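Report on the structure given below.
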Amino acid sequence: MNSTFILDIIYLIGSVTFILGLKMLGKPESARNGNLIAAAGMTLAIAGTIIVKGSQISPIVYGLLFGAFAIGGVIGWVVAKKVKMTAMPQLVSLFNGMGGACAALISLIEFPQHIGELKSLITVMAGLVIGSISFSGSMVAFLKLNGNLGKDIRLPFYNAINNILLLFVVGHAGYLVYSASGDVPMSAIPHLYMGAIITLAIALIYGIMFVLPIGGADMPVVISLLNSFTGLAAAAGGFLYHNQVMLTGGILVGSAGTLLTVAMCEGMNRSLFSVIFGAFGGGGAAAAATGATGGSIKDISVSDTAVLMNYSKKVVIVPGYGLAVAQAQHVMHELEVLLEERGVEVKYAIHPVAGRMPGHMNVLMAECNVDYSKLVEMEDINPEFETTDVVFIVGANDVVNPAAKTNPASPIYGMPILEVEKAKNIIVNKRSMNPGYAGIDNELFYSPKTSMLFGDAKKVVTELVAELKTL
């Protein structure tokens, strides 16, 4: 049995674990094990490659490999263990960007080795361009989510600039492939390599310009899209090295990311074309002015909220980013358990783009051991609001704004929302009347059914739990 056959079997096993792991990620109760299975497959593929190809690896390279494993492993483990749930979107962007950077650097290094080979050059340039865009775009997304950059930075004629940059980088990459695919004299190789570096630089600039204007509630979409870019760049590396497991992993990430992007676009009422080429973003002062409603609001006390919930038959909790910021998920679970002990049916309404990344609220509530069956997606929970006694909105804003259905002038008009306005009573917990991430006023706050419960989410819910225990 030769080493190539053994490695092919290892790669086949790794590919199967990726597919199985991705399938298991589709259900919250199996997602953790799915992640572990896919990670085990990747570990097997890496170990198999090093062992089987060991005779071709020098001791110096071995030292560099294991040194990189140790440094990267320790940094990744420590960062992942210490990251707060509010910073999880930033971490996803950062890790995704590192994947894109790896693909771009691999392509840059491999470019001189494949001069004269048309198919290989196409693959190399695809990995270079896509990986560079993914890296720089993810870094901008990281800085925006981390608060280091403004949510909505608009440049004059940015659409035209971005489209020109995209055409230029694709055209330059195509010209470079054409120039390097024939019989190339040795004297021309340094110039071609400089051309590859220029392509990388322009692609990096395009990635920055692509994400820089994105603001409002659009960030979950761009994170998903950049994730698919990284997958495509990794798949290009798989083609280049004839590495089945790298190819399979890249295709799975790219296709899954694309499907998730489409789902996110539907959740935001946007087309994928407008994401890439259109005025992607929104928010800002103009958006706030368009969505403003004004009107009077009414407050409610913690004690009155406790009484209302205590005598309800059904309570639906709508978690949002504010819940994550306050780290109130654990005390929220305590509230849920306390209500259920008193015969109240409790569910969580999950909007597909609530939070700052796809699935943010699912992960947040799973962290505090909320039963997965209680996390109900938008399409399933909307018909239940008419029979709900109390909707308790904690930190969510744009995903419950009726302007998405009633105000054609609103920037979020047409976006599917949680139809909480159909419930009998609506209680909104917020720190203040400041608008949400999309930068627009919320018509729900002025509804006669709505009562505002102001304060930090953790403090308010803790007081609510204490008040319920006295009833």
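The values are calculated or read from the model by the stated rules, or taken from the named source; none is laboratory data. For clarity, every value in this text was computed on a predicted model and none was experimentally measured. Glycine gets a Cβ as well: all are built from the backbone with ideal geometry, and neighbour counts include every protein chain shown. The accessibility values were calculated without ligands, DNA or RNA, using every heavy atom of the protein model including side chains. Shrake-Rupley method; radii C 1.70, N 1.55, O 1.52, S 1.80 Å.
Listed conditions (1) surrounded by fewer than 20 Cβ atoms within 10 Å (Cβ to Cβ); (2) touching a residue at least 60 places away in the same chain (Cβ under 8 Å); (3) within 19 Å of F111 (Cβ to Cβ) are all met by I208, apart from (3).
One line per residue, one yes/no per condition, for (1) over 24 Å from L464 (Cα atoms); (2) in contact with a Pro (Cβ under 7 Å, 6 or more places away or on another chain); (3) among the aliphatic types (A, V, I, L, M):
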site	(1), (2), (3)
A324	no, no, yes
H330	no, no, no
V337	no, no, yes
H360	yes, yes, no
V363	no, no, yes
M378	yes, yes, yes
V390	no, no, yes
P411	yes, no, no
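If you go through segment 414-427 and pick out every residue that is within 26 Å of the chain's Cα centre (by Cα) and either buried (at least 16 other Cβ atoms within 10 Å of the Cβ) or more than 17 Å from E266 (Cβ to Cβ) (or both), you end up with 6. Counting only strands (runs of 3 or more DSSP E) that fall entirely inside segment 364-460 and contain at least 1 residues that are more than 23 Å from A263 (Cβ to Cβ) and at pLDDT below 95, the qualifying elements are 390-394, 425-430, 450-454.
Scanning segment 309-360 for residues that are open to solvent by 10 Å² or more (accessible area, probe 1.4 Å), closer than 13 Å to G395 by Cα and of a type in the set (G, A, S) turns up G322, A326, G355.
The one condition from (1) open to solvent by 20 Å² or more (accessible area, probe 1.4 Å); (2) of a type outside the set (G, A, S); (3) over 16 Å from V400 (Cβ atoms) that E377 does not meet is (3). Apart from one condition, C102 fits all of (1) more than 27 Å from S181 (Cα to Cα); (2) touching a residue at least 12 places away in the same chain (Cβ under 8 Å); the exception is (1).
Per this entry, G282 is counted among residues that are at pLDDT below 65 and buried (at least 21 other Cβ atoms within 10 Å of the Cβ).
With respect to the conditions (1) assigned to a helix (DSSP H, G or I); (2) open to solvent by less than 70 Å² (accessible area, probe 1.4 Å); (3) without any contact (Cβ under 8 Å) to a residue 40 or more places away in the chain, N33 lacks only one, and its number is (2). You will find that of I205, I198, I214, the residue that is of a type in the set (V, I, T) and at pLDDT below 85 is I214 and no other. Here V363 fulfils each of the conditions (1) open to solvent by 10 Å² or more (accessible area, probe 1.4 Å); (2) closer than 19 Å to M309 by Cβ apart from (2). In the set (1) open to solvent by 20 Å² or more (accessible area, probe 1.4 Å); (2) within 24 Å of A457 (Cα to Cα), P402 fails one condition alone, (1).
Test L44 against the criterion of being in a helix (DSSP H, G or I), closer than 17 Å to L252 by Cα and open to solvent by 30 Å² or more (accessible area, probe 1.4 Å), and give yes or no. Judged against the criteria, L44 is not a match.
Number of residues in segment 20-30 that are assigned to a helix (DSSP H, G or I) and touching a residue at least 12 places away in the same chain (Cβ under 8 Å): the value is 6. Scanning segment 389-399 for residues that are of a type in the set (F, W, Y) and surrounded by fewer than 24 Cβ atoms within 10 Å (Cβ to Cβ) returns no hits.
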